[in-house]
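Let me begin by presenting the structure, written as structure tokens, before commenting on it.
Every read-out reported here was derived from the displayed coordinates using simple, explicitly stated rules and does not represent laboratory data. Note that the structure is a prediction, hence the values are computed from the model and not measured. Virtual Cβ from ideal backbone geometry, glycine too; neighbours counted across all protein chains shown.
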Amino acid sequence: MDLASAISLRYFRSLEVVETKPDNTPVTVADREVEQMLRDLIAKHYPDHGICGEEYSTTQSHSPWTWVIDPIDGTKSFATGNPTFGCLIALLHHGIPCLGIIDMPALHERWIGIGGQTSRFNGNTCKTSDKTDLAHATLYATTIDMFTQANLVAFESVSQLTQFRHFGGDCYAYGLLASGYVDLIMEADMKAHDYLALVPVVEGAGGYISDWQGHSLRLDSGGTVLASANQTLHEKALAIIDATQMQ
């Protein structure tokens with residue numbers, strides 16, 4: 001991760017060009033260099049493992065192990081000098097996330113989640129909040145633009161019951177949730193590289209994370225993500241989401 005951080009920081013606030021991909025999302029030279037470096041390292045040490053990244057084609061494998069990479073989560077933040085961009089790395093075993101890393105290069109903060117272990121923040125264990133009342137809970141989402149009209153109805157229904165909502169943060173919000181500062185996160189239009197690394201971190205800190213139907217997140221999940229500090233909050237939010245979908 002230190003090597004990836006060094007690359008992104010070399011370009012941070014000194015970019016000359018921000019390109020636009022066919023899907024109208026931004027990409028920079030840093031995105032590509034970080035992912036290529038990580039792919040090279042994985043290929044060197046684990047040549048039989050599969051690799052799925054944001055910027056390059058998937059490396060297929062018959063191995064039960066697959067790495068999922070988002071070299072710069074929050075490219076818009078990165079490109080505009082905002083330090084809340086991160087690097088996400090997940091390791092899947094038979095499709096289930098067993099290792100997740102949220103690394104924030106400009107903030108020098110890092111969360112690591114390993115299946116069956118307590119998540120760690122900068123080397124120390126971390127824990128989600130114990131708030132179970134929506135009225136006292138804080139809600140994050142990266143941007144309101146990620147929601148379809150139907151998703152927005154569900155998001156509004158949950159957010160109006162919380163203490164307050166806040167936009168921004170990208171993957172940083174999930175680290176803040178794992179450390180007990182944020183209570184709920186609702187997002188949509190997410191890809192596998194956006195969410196799989198978050199799963200071990202959130203769960204290892206005592207939180208819950210799923211799609212909006214309560215299903216575990218996998219490579220082929222539909223793109224909605226709900227993360228909660230605990231089971232009680234998660235079930236309350238899921239119930240509200242379900243109620244809006246039945247209207």
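Got a sec to turn the phi values of the stretch 73-80 into Karplus ³J(HN,Hα) couplings, 6.51 cos²θ - 1.76 cosθ + 1.60 with θ = phi - 60°, whole Hz, x for Gly and Pro?
Once θ is set to phi - 60°, the couplings for the stretch 73-80 become 7, x, 4, 5, 5, 4, 6, 10 Hz.
Label the stretch 2-125 by shape, choosing from rounded, prolate and oblate, from the square roots a ≥ b ≥ c of the eigenvalues of the Cα gyration tensor; if a/c is under 1.5 it is rounded, and otherwise prolate applies when a/b is larger than b/c, oblate when it is not.
oblate
Which aspartates and glutamates have a Cα less than 12 Å from the Cα of LYS76, not counting those fewer than 8 places away in the same chain?
GLU19, ASP31, ASP170
Which far-off residues, 5 or more places away or on another chain, put their amide H under 5 Å from the one on TRP67, with H placed in the peptide plane?
GLY50, ILE51, CYS52, LEU92
Please give the calculated 222 nm ellipticity per residue for the chain, where each DSSP H segment of at least 4 residues contributes -39500 (n - 2.57) and the sum is spread over every residue; nearest 500 deg cm²/dmol? Walk me through the numbers before you get to the answer.
Values: 8 runs with 76 residues, N = 247.
After summing the helix terms and dividing by residue count, I get -9000 deg cm²/dmol.
Over the chain, calculate the relative contact order: mean separation of alpha carbon pairs under 8 Å at least 6 apart, over the residue count, as a percent. Provide the component values of the computation, followed by the final result.
On the way: 564 pairs, mean separation 42.0, N = 247.
Taking the mean separation of contacting Cα pairs over the length of the chain, I get 17 percent.
Counting other Cβ atoms within 10 Å of each Cβ, which chymotrypsin sites (Phe, Trp or Tyr not before Pro) in the stretch 17-120 have at most 16 and sit in a DSSP loop?
Passing both the DSSP loop test and the Cβ count: TYR56.
For LYS127, go through the lysines and keep the ones whose alpha-carbon is under 28 Å away, minus same-chain ones fewer than eight residues off.
Hits, sequence-local ones excluded: LYS191, LYS236.
Whole-Hz ³J(HN,Hα) for each residue in the stretch 116-125, computed from phi via Karplus 6.51 cos²θ - 1.76 cosθ + 1.60 with θ = phi - 60°, x for glycine and proline: what do you get?
The phi angles translate into x, 10, 6, 5, 10, 10, 6, x, 10, 5 Hz.
Just check the stretch 134-245 against the gyration tensor rule for me: Cα atoms, a ≥ b ≥ c as the square roots of the eigenvalues, rounded for a/c under 1.5, and otherwise prolate or oblate depending on whether a/b exceeds b/c.
Numbers: a/c = 1.30, a/b = 1.07, b/c = 1.21.
Judged from the Cα gyration tensor, the stretch 134-245 comes out rounded (a/c under 1.5).
Which of rounded, prolate or oblate describes the stretch 88-132 when judged by the alpha-carbon gyration tensor and an a/c cut-off of 1.5?
oblate
Note the per residue figure in Å³ for the convex hull of the C-alpha positions in the chain. Don't skip to the answer; put the middle values down first.
Working: hull volume 29.2 nm³, N = 247.
Roughly 118 Å³ of hull volume per residue.
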